[in-house]
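**Student:** I have a structure I would like to understand better, so I am pasting it below and will then ask my questions one at a time.
The values are calculated or read from the model by the stated rules, or taken from the named source; none is laboratory data. Values in this document were obtained by computation on a predicted structure and should not be read as measured data. Cβ placement follows ideal geometry from the backbone for every residue including glycine, while neighbour counts extend to all protein chains displayed. Areas reflect the complete protein model, heavy atoms only, side chains present, ligands, DNA and RNA absent. Shrake-Rupley method; radii C 1.70, N 1.55, O 1.52, S 1.80 Å.
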Amino acid sequence: LPKAGDPGVVYYGPGVHRAGLVTVTNGQTLVLAGGAVVKGAVVARGNQIRILGRGILDGSDYEWRKGPHGFTVGIYGTNIEVSGLTIRGSSHWTVVPVRSRHVTLRNLKLCNSRVQNDDGINPCNSQDVLITDCFIRSDDDCVAMKGLDFTAPNSNVERITVENCILWCDRARIFLLGHESRAEYMRDIVLRNLDIIHYTMTPFLFEPGEDMRLQKVLVEDVRLHGEGQGDFIRLKPVVNMYMRKKVPGFVSDIRFRNIEISGRPGRYRVQLEGADPEHSVSNVAFEGLRILGKDLTRESPQVSMGTNVSAVRFQP
């Protein structure tokens, strides 16, 4: 790690630091050394920024939605890395790249579930985001991809990879794709080599609206610990309370591969349903899905196939 006093380095050593809002910008590196507890939030705004260390970023002094920034780590820029930190007790969304490019989030430990709306990592209108080797515990969604804005150039959510992670959600979803998404496209998403050790609501909830096209999503090599939950996968264009343009979206080119639920008996529903002939669900593959030791097929009791659904394939 860089040392205190190095050029362009903002450094917090061992001890408790009531920093409030910490801002880093072009070419800077923020270091939270092992033993450091920084109470506050961080904003990375600019290019070529690194946030590193084995310290703790702690938001637990702040009431719900009353932290020094809207997010515990807000990212606004290009070529930004956040690596190694433990983030504790967020007061709102935790790590959020907004209109950002080429972001790497590596080996983060998110220890939340103190308040509601403490989403783990939410790429918003961003491209080329890698989330790898992380542990995420949250009360709200672990990873929610959102297209909140379509006014800026290239506001799509594209080329997002989540891999080699352990995920634990106490109340909401593991992956939420499509809510609050006014972008034109959410596509080229890869979710792979994941262990989902606890969830409550549908862990894979893909519900685009506002004419957004959710497409080219690969989910593979995922292990879930089931505790008898009702839902597993939902692919369904919707209109909901979060949407400004009250029309559904589109779902196409989705592939689930090598996924297994073990644990207690439960319904574990797999639901596919289009909103209308235009806002449909199409070209979906289920390959090597097993629920409590049984292969998922079209005839499995877990499968609920609604209207406006086409080109769905099951393969053991």
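**Student:** Rounded to the nearest 0.05, what FRET efficiency is calculated for D149 and N283 with R0 set to 30 Å and r the Cβ-Cβ distance?
**Tutor:** 0.60
**Student:** Let me ask something else about it. In whole Hz, what ³J(HN,Hα) sequence does the range 7-23 give by Karplus (6.51, -1.76, 1.60; θ = phi - 60°), x for Gly and Pro?
**Tutor:** Result, ordered by residue: x, x, 10, 9, 10, 10, x, x, x, 9, 10, 8, 8, x, 9, 10, 10 Hz.
**Student:** FRET efficiency for K66 and K294, Cβ-Cβ distance as r, R0 = 51 Å, nearest 0.05?
**Tutor:** Computed FRET efficiency for K66 and K294 comes out at 0.60.
**Student:** Hey, what do the phi angles of the range 157-169 turn into as Karplus ³J(HN,Hα) couplings, whole Hz, using 6.51/-1.76/1.60 and θ = phi - 60°, x for Gly and Pro?
**Tutor:** 9, 9, 6, 10, 10, 10, 9, 6, 10, 10, 10, 8, 10
**Student:** Residue-wise, which Karplus ³J(HN,Hα) couplings in Hz belong to the range 195-210, taking 6.51 cos²θ - 1.76 cosθ + 1.60, θ = phi - 60°, and x for glycine or proline?
**Tutor:** Coupling constants for the range 195-210: 10, 9, 9, 7, 8, 10, 7, 3, x, 10, 10, 10, 9, x, x, 6 Hz.
**Student:** Quick query: amide H of V37 versus all other amide H atoms, modeled in the peptide plane; which residues come in under 5 Å with a sequence gap of 5 or more or a different chain?
**Tutor:** G15, V16, H17, I56
**Student:** Tally up the carbon and sulfur contribution to the accessible surface of the chain as a whole percent, 1.4 Å probe, everything protein left in place.
**Tutor:** Reported share for carbon and sulfur atoms: 47 percent.
**Student:** May I ask you to give the solvent-accessible area per residue for the range 40-164, in square angstrom, as obtained with a 1.4 angstrom probe?
**Tutor:** Per-residue value: 32 Å².
**Student:** Starting from the amide H of T23, placed 1.01 Å from N in the peptide plane, find each other amide H under 5 Å away whose residue is 5 or more places distant or on another chain.
**Tutor:** Amide H neighbours of T23: V43.
**Student:** Report the FRET efficiency, 1/(1 + (r/R0)^6), for R257 and A4, where r is their Cβ-Cβ distance and R0 is 41 Å, rounded to 0.05.
**Tutor:** Approximately 0.30, to the nearest 0.05.
**Student:** Considering only Cα-Cα distances, which of the following residue pairs are longer than 30 Å: K3/K39; K3/K109; K3/K146; K246/K294; K109/K294; K39/K146?
**Tutor:** K3/K146; K246/K294; K109/K294
**Student:** Once you've got the GNM for the chain with C-alpha springs shorter than 10 Å, pick whichever of V16, V162, V82 has the biggest mean-square fluctuation.
**Tutor:** Of V16, V162, V82, the Gaussian network model singles out V16 as fluctuating most.
**Student:** Now for a separate question. Which trypsin sites (Lys or Arg not before Pro) does the range 226-316 hold that lie in a coil by DSSP with at most 16 other beta carbons within 10 Å?
**Tutor:** In loop regions of the range 226-316 (DSSP not H, G, I, E or B), the sparsely surrounded trypsin sites (Lys or Arg not before Pro) are R244, K245, K246, R267, R298.
**Student:** Moving on to the next point. For the range 1-147, what is the convex hull volume of the alpha-carbon atoms per residue, in Å³?
**Tutor:** Taking the convex hull of the Cα positions in the range 1-147, it is 85 Å³ per residue.
**Student:** Give, in nm to one decimal, the length gained when the segment between D170 and E184 is fully stretched (0.36 nm per residue of separation minus the Cα-Cα distance).
**Tutor:** Difference between extended and current length: 2.0 nm.
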